[in-house]
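Taking it in order: structure first as structure tokens, then the write-up.
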Amino acid sequence: MKLASLKSGRDGRLVVVSHDLSRYLLADEVAGTLQEALDNWATCEPTLRALADKLQETDAGKAFDPAQCESPLPRAYQWADGSAYVNHVELVRRARGAEMPESFWTDPLMYQGGSDSFIGPNDPILAASEDWGIDFEAEIAVVTDDVPMGISAKDALSHIKLVMLVNDVSLRNLIPGELAKGFGFFQSKPSSAFSPVAVTPDELGGAWKDGKLHMPLLSFLNEDPFGRPDAGVDMTFDFGQLIAHAAKTRPLCAGTIIGSGTVSNKLDGGPGKSVDDGGAGYSCIAEIRMIETIESGKPKTGFLEFGDRVRIEMRDDDGLSIFGAIDHEVRQY
């Protein structure tokens, strides 16, 4: 089952989308918004699935246009982003000559992001200055129902109701000053964007296994291939572990979004290669800059500029987009 939120008011208008993303049906009679459906998932899910079956079995519905969508949850009660791909963390620290603590392999990193206003998947990324170091981060995210405090990683997997893609926008040049204060990200992490469509795990078939999504995550910069790492490879912490980490000292309410962090693969034990060089590429500009720093002493690739376009998506074996594309231009605010 695939769900989306058309632009309408603050929280969008819930629709069920066909498997091929061509058509949709309004879900007003079931729930007005995705948050409402998640709050009452046990009762709403069967009726939403009936609408999904209707789309697959008939020619019902209207033409689906991702440009008319908000992020599936236009705002959320909780957005917590992990850093499950420790290769990415290791590269960040290695580029600045810092050792990575051993605990990073056993205890996930996670920050609490702003969730009161997400960017629509085809809306622009707005920033006041290119000097802020505008970057994208291609990630996977899951949406939960109510999660009790202290849940185990194994039991946490049953609370995953939806899967999405993420562009966790980062302002790299603001990060060092914020982290130096010892109080975490705030200004350096503006609004994130999510894929037009959120899907139930069963929609992913065998690619969804052990709390990981085993498929390449594709990133494009100005239509040029930038990254294609497999999201199921080199993921040190699965989503069950990430949810359990977030719920260690607090319950999580329905509609909580948990992110994987930047998807990153190693290559033959090394730091990775660009797509042009036959590698898996990168899911953010910062990572290629880290590798350039490691190899030549300084970065060569610049951060995003006004007018640049970023696209992030995932395709099935037939080449069809699964979640729709996050596709937006960087513009000056």
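Observations on the structure shown:
- Shape analysis of the chain yields a ratio of the Cα radius of gyration to the Kirkwood radius, Rg/Rh, of 0.95.
- Given charges at Cβ of Lys, Arg, Asp, Glu: the chain dipole, positive-most of 51, 83, 66: 83
- Options 297, 190, 204, ranked by Cα towards positive dipole end of region 179-333, top entry (Cβ charges): 190
- Distance from the C-alpha centroid of region 1-73 to that of region 166-223: 23 Å, rounded to the whole angstrom.
- Region 103-162 and region 224-303 have Cα centres separated by 13 Å.
- Largest first, the residues 266, 248 sort by 1.4 Å accessible area into 248, 266.
- At an R0 of 41 angstrom, the distance between the Cβ atoms of residue 320 and residue 109 translates into a FRET efficiency of 0.75.
- Note on region 62-152: Rg/Rh from Cα positions, Kirkwood definition for Rh, rounded to two decimals, is 1.03.
- When the trypsin sites (Lys or Arg not before Pro) in region 86-178 are filtered for DSSP coil states and for at most 14 other beta-carbon atoms within 10 Å of their beta-carbon, the remaining sites are 96.
- Over 20 Å [Cα-Cα, region 1-58], rounded percent: 17 percent
- Heavy atoms of residue 282 accessible to a 1.4 Å probe, total area in Å² rounded to 10: 10 Å²
- Estimated from helices alone, the mean residue ellipticity of the chain at 222 nm is -5500 deg cm²/dmol (sum of -39500 (n - 2.57) over DSSP H runs with n ≥ 4, per residue).
- Eigenvalues of the alpha-carbon gyration tensor of region 11-94, scaled by 5 and square-rooted, set the equivalent ellipsoid semi-axes at 32, 17, 13 angstrom, largest first.
- Projected onto its three principal axes, the C-alpha set of region 184-277 covers 45, 38, 30 Å, listed from the longest axis down.
- Candidate lysines - alpha carbon under 16 Å from residue 2, same-chain residues fewer than 8 apart omitted: 54, 62, 161
- At the residue level, residue 253 shows approximately 50 square angstrom of accessible surface with a 1.4 angstrom probe and all protein chains present.
- For region 233-333, the share of accessible area belonging to carbon and sulfur comes to 42 percent (1.4 Å probe, ligands and nucleic acids excluded).
- Cross-link pairs beyond the 20 Å C-alpha cut-off, checked among 273/300; 154/209; 181/300: 181/300
- Working value for region 118-164: equivalent-ellipsoid semi-axes of 33, 13, 9 Å, each the square root of 5 times a Cα gyration tensor eigenvalue, largest first.
- For residue 266, the lysines whose Cα comes closer than 20 Å to its Cα, not counting residues fewer than 8 places off in the same chain, are 212.
- Only the Cβ atoms of Lys and Arg (+1) and of Asp and Glu (-1) were treated as charged; on that basis the dipole of the chain about its Cα centre amounts to roughly 640 debye.
- In Å, descending, principal axis extents of the Cα set of region 290-333: 41, 32, 10
- Rounded to two decimals, the Cα-based Rg/Rh of region 132-240, with Kirkwood Rh, is 1.01.
- Rolling a 1.4 Å probe across the protein heavy atoms gives region 191-328 an accessible surface of 39 Å² per residue.
- Normalised by 2.2 N^0.38 Å, with N the number of residues, the alpha-carbon radius of gyration of region 3-156 equals 1.30.
- The chain: relative contact order in percent, alpha carbon pairs under 8 Å with at least 6 residues between: 23 percent
- Accessible surface of region 63-147 [probe 1.4 Å, protein heavy atoms]: carbon and sulfur percent: 46 percent
- Taking all protein chains together, 102, 29 sort by accessible area into 29, 102, largest first [probe 1.4 Å].
The values are calculated or read from the model by the stated rules, or taken from the named source; none is laboratory data. If you're wondering where the values come from, they're calculated on a predicted model, not measured in any experiment. We place every Cβ from the backbone using ideal geometry, glycine too, and count neighbours over all the protein chains shown. Only protein heavy atoms, including side chains, enter the accessible area calculation; ligands, DNA and RNA are left aside. Shrake-Rupley method; radii C 1.70, N 1.55, O 1.52, S 1.80 Å.
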